[in-house]
Amino acid sequence: MGDFLASYYLWIKALHVIAVIAWMAGLFYLPRLFVYHVEQVERGSETDAMFQTMERRLLKAIINPAGVTTWVFGLGLVFTPGIVDWTALWPWTKAGSVIAMTVFHHWLALRRKDFLAGSNRITGRQYRMMNEVPTLLMMIIVISVIVKF
């Protein structure tokens, strides 16, 4: 398995980066949709149904597949011999941040279900603040991987 991963390392890395970009785009956009949904849409209206469709499609067609492929190719990189120095701090900060990003992803999925059930209790301001979470985690991940402290 290690030989296979080493032989295709650059392809795995490229596909991982592509998946990360798609995942991050969705994680940035969905909370922004929630802001507009909660602040400008009347529950039960045609616009409410349209927002719910947009949110569901973004989650199901982009965020979920991109999150899974990010993990698959990321684990491929982790298991490639000689790539990760587990005695350093950076792989642990990256791993913790990726797990936190995954928790945020699932939190967004639960908030979408709240809109569907008509039970959303989070304000537009709170969604705006939560919209900063993936940015902060992305900064930790990128600095961890590039600087390798």
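Among the residues of segment 1-22, count how many are in contact (Cβ under 8 Å) with a residue 60 or more places away in the chain and assigned to a helix (DSSP H, G or I).
Adding up the residues that qualify gives 7.
Residues of segment 76-103 being within 18 Å of K13 (Cα to Cα) and surrounded by 12 or more Cβ atoms within 10 Å (Cβ to Cβ), which ones?
The initial filter retains those residues of segment 76-103 that are within 18 Å of K13 (Cα to Cα), namely 76-85, 90-91, 94-95, 98.
Once the filter is applied, which keeps residues that are within 18 Å of K13 (Cα to Cα) and surrounded by 12 or more Cβ atoms within 10 Å (Cβ to Cβ), segment 76-103 yields G76, L77, V78, F79, T80, I83, V84, W90, P91, K94, A95, V98.
Any residue that is assigned to a helix (DSSP H, G or I), of a type in the set (D, E, K, R), over 26 Å from F4 (Cα atoms) and touching a Gly at 6+ places or on another chain (Cβ under 9 Å) - is there at least one of those in segment 25-42?
yes
Based on what the data block shows, is G44 within 30 Å of R125 (Cβ to Cβ), exposed (fewer than 15 other Cβ atoms within 10 Å of the Cβ) and not aliphatic (A, V, I, L, M)?
yes
For segment 86-109, which positions are farther than 14 Å from V142 by Cα and β-branched (V, I, T)?
Matches in segment 86-109: T87, I99, T102, V103.
Looking only at residues in segment 55-89 that are in contact (Cβ under 8 Å) with a residue 60 or more places away in the chain and β-branched (V, I, T), which one is nearest to F149 (Cα to Cα)?
I83
Condition check ((1) under 19 Å from R56 (Cα atoms); (2) at pLDDT 95 or above; (3) within 15 Å of the chain's Cα centre (by Cα)) across all residues:
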residue	(1), (2), (3)
A109	yes, yes, yes
D114	yes, yes, no
I122	yes, yes, no
M130	yes, yes, yes
I140	no, yes, yes
I143	no, yes, no
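Only one of these conditions is not met by L108: (1) exposed (fewer than 13 other Cβ atoms within 10 Å of the Cβ); (2) touching a Pro at 6+ places or on another chain (Cβ under 9 Å). Which number is it?
Looking at each condition in turn, L108 falls short on (1).
Between a first residue in segment 31-54 that is within 13 Å of D114 (Cα to Cα) and a second residue that is small (G, A, S) and modelled with pLDDT under 95, which pairs have beta carbons less than 7 Å apart while being 6 or more apart in sequence or on different chains?
R43/G118
List every residue pair whose Cβ atoms lie under 9 Å apart, where the two residues are 6 or more positions apart in sequence or sit on different chains, the first residue falls within segment 98-121 and is at positive phi, and the second residue, located anywhere, is outside any helix (DSSP H, G or I) and of a type in the set (G, A, S).
From residues that are at positive phi, the pairs are G118/G44.
Residues checked against (1) at pLDDT 95 or above; (2) part of a loop (DSSP other than H, G, I, E, B); (3) among the basic types (K, R):
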site: F51; (1), (2), (3): yes, no, no
site: R56; (1), (2), (3): yes, no, yes
site: I63; (1), (2), (3): yes, no, no
site: G74; (1), (2), (3): yes, no, no
site: G82; (1), (2), (3): no, yes, no
site: W86; (1), (2), (3): no, yes, no
site: A95; (1), (2), (3): yes, no, no
site: V98; (1), (2), (3): yes, no, no
site: T102; (1), (2), (3): yes, no, no
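The values are calculated or read from the model by the stated rules, or taken from the named source; none is laboratory data. This is a predicted model, so every value here is computed, not measured. So basically every Cβ, Gly included, is an ideal-geometry build from the backbone, and we count neighbours across all protein chains shown.
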